[in-house]
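Have a look at the structure below, then the notes.
The values are calculated or read from the model by the stated rules, or taken from the named source; none is laboratory data. Predicted model only: the values in this text are computed from it and were never measured. Don't worry about glycine lacking a Cβ; one is built from the backbone with ideal geometry, like all the others, and counts go over all protein chains shown. Quick note on the areas: whole protein, heavy atoms, side chains included, nothing else; ligands and nucleic acids left out. Shrake-Rupley method; radii C 1.70, N 1.55, O 1.52, S 1.80 Å.
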Amino acid sequence: MRIAVINFSGNVGKTTVARHLLLPRIPGADFISVESLNAGEDQGPALRGSQFRELQSYLQTVGSAVVDIGASNIEDLIDRMHRYQRSHEDFDCFVVPTVPPRKQQQDTIATIAELSELGVSPAKLRIVFNMVDYRAEVQQSFGMLLAFLQERPLATADHRCRLGQNELYERIKASGTEVAELAADTTDYRRRIVEAGSMAEKLALADRLANARLAGGVLKELDACFAALGFATMTSDALDASTQERS
């Protein structure tokens, strides 16, 4: 599968969705960053929107990929997708993360409309409701976007495709640690904290304990969101059809 993570808006969690929701659950997928700001911090190939020809070529050589398209490059990339007709067919799906603030919902609507104009079908354009308060319903938080989609069903919006805001993502950002790895950690940190010799060591162990505790809940949420996206149950026939479209 080749999946693009995209939104005209920044600060909607595109990289979180790409790295922590999609990449670990798509076997053998490459990670590609399309970003001119802080590109050097990303793992894997990093391109700019103006390098769309190179991106197209690269996508033909890999079986699966998650492409994280930064907000600073999306307009350039969309412009080139218009020039390279049917280039959207290089992607099996476009995932559009969104967050509750009105500005980001407006940008999400603009993203959906632009992708639809390119020819992306609603079945290939899927919404992830991100940074949702755990006490809130998606309908409460994303009324504007859902009203638009009810009037113009240009994308697939399953309310179960939701992720909460969690400090864990920021905690592990620099380390590259996987959420699943932390969730599987069975270390008895409470015992090790008691046995630690210095306060600095105790605090470091307490920090690792906090990460492990957070990771258990985050992993369940990520698994549920991915299941709701439907990628895990896509049949080989559907993937073959996507390949035929690109030929």
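How much area per residue is accessible in the chain when the probe is 1.4 Å and only protein heavy atoms are counted (Å²)?
So the chain comes to 51 Å² accessible per residue, rounded to a whole number.
Counting Lys and Arg as +1 and Asp and Glu as -1, what is the net charge of the other residues whose Cβ lies under 14 Å from the Cβ of Lys220?
+2
Using a 1.4 angstrom probe with every protein chain in place, what is the largest-first accessible-area order of Arg126, Arg208?
Arg208, Arg126
Roughly how tilted is helix 102-118, in degrees to the nearest 10 and between 0 and 90, from the longest Cα axis of the chain?
40 degrees
For the chain, what is the charge dipole size about the Cα centre, in debye to the nearest 20, if Lys and Arg each add +1 at the Cβ and Asp and Glu each add -1 at the Cβ?
Once rounded to the nearest 20, the dipole reads 420 debye.
Give me the percent of accessible area attributable to carbon and sulfur for the chain, probe 1.4 angstrom.
Carbon plus sulfur share of accessible area: 48 percent.
Match the structure shown to one of the listed values (1) 51, 48, 33; (2) 55, 38, 33; (3) 64, 41, 36 of Cα extents along the principal axes in Å, computed from it, and give that label.
(3)
Any chance you could look up the accessible area of Glu75 with a 1.4 Å probe, heavy atoms only, rounded to 10 Å²?
Answer for Glu75: close to 140 Å² accessible.
Counting Lys and Arg as +1 and Asp and Glu as -1, each charge on the Cβ, what is the dipole of the stretch 85-181 about the Cα centre in debye, to the nearest 20?
Charge dipole of the stretch 85-181: 240 debye, to the nearest 20.
Most mobile of Leu205, Leu21, Leu149 per a Gaussian network model of the chain (Cα springs, under 10 Å)?
Comparing Leu205, Leu21, Leu149 in a Gaussian network model of the chain, the most mobile one is Leu205.
Using a cut-off of 20 Å between alpha-carbon atoms, which lysines can reach Lys14, once sequence neighbours fewer than 8 places away in the same chain are excluded?
In chain and number order, the partners are Lys103, Lys124, Lys173, Lys220.
Specify the angular offset, from 0 to 90 degrees and rounded to the nearest 10, of the alpha carbon long axis of helix 199-229 from the longest principal axis of the alpha carbons in the chain.
Relative to the chain, helix 199-229 is tipped by roughly 30 degrees.
Report the relative contact order of the chain, percent, no decimals, based on alpha-carbon pairs under 8 angstrom and at least 6 residues apart.
19 percent
So how much accessible area does Glu178 have, in Å² to the nearest 10, using a 1.4 Å probe?
Using a 1.4 Å probe on the heavy atoms, I get roughly 80 Å².
Express in whole angstrom the spacing between the alpha-carbon centres of the stretch 86-127 and the stretch 151-201.
Their Cα centres are 27 Å away from one another.
If you add up the charges near Thr16, with Lys and Arg at +1 and Asp and Glu at -1, over every other residue whose beta carbon is less than 10 angstrom from its beta carbon, what do you get?
Combined, the nearby Lys, Arg, Asp and Glu give +1.
Compute the longest continuous run of the chain that contains no exposed chymotrypsin sites (Phe, Trp or Tyr not before Pro); treat a site as exposed when its DSSP state is not H, G, I, E or B and it has at most 16 other Cβ atoms within 10 Å.
Here the longest run is 135-247.
So how much accessible area does Ser72 have, in Å² to the nearest 10, using a 1.4 Å probe?
The accessible area comes out at roughly 60 Å².
Looking at Tyr169, Ala180, Tyr134, which one has the Cα that reaches farthest to the positive end of the dipole of the chain (charges on Cβ: Lys, Arg +1; Asp, Glu -1)?
Of the options given, the answer is Tyr134.
Determine the gain in length on full extension of the stretch Ser72-Leu203; use 0.36 nm per residue of separation and subtract their C-alpha separation, reporting nm with one decimal.
Full extension of this stretch gives 43.4 nm more.
When the helix-only estimate is applied to the chain (DSSP H runs of n ≥ 4, each -39,500 (n - 2.57), divided by the residue count), what is the mean residue ellipticity at 222 nm, nearest 500 deg cm²/dmol?
Only helices count here, giving -13000 deg cm²/dmol.
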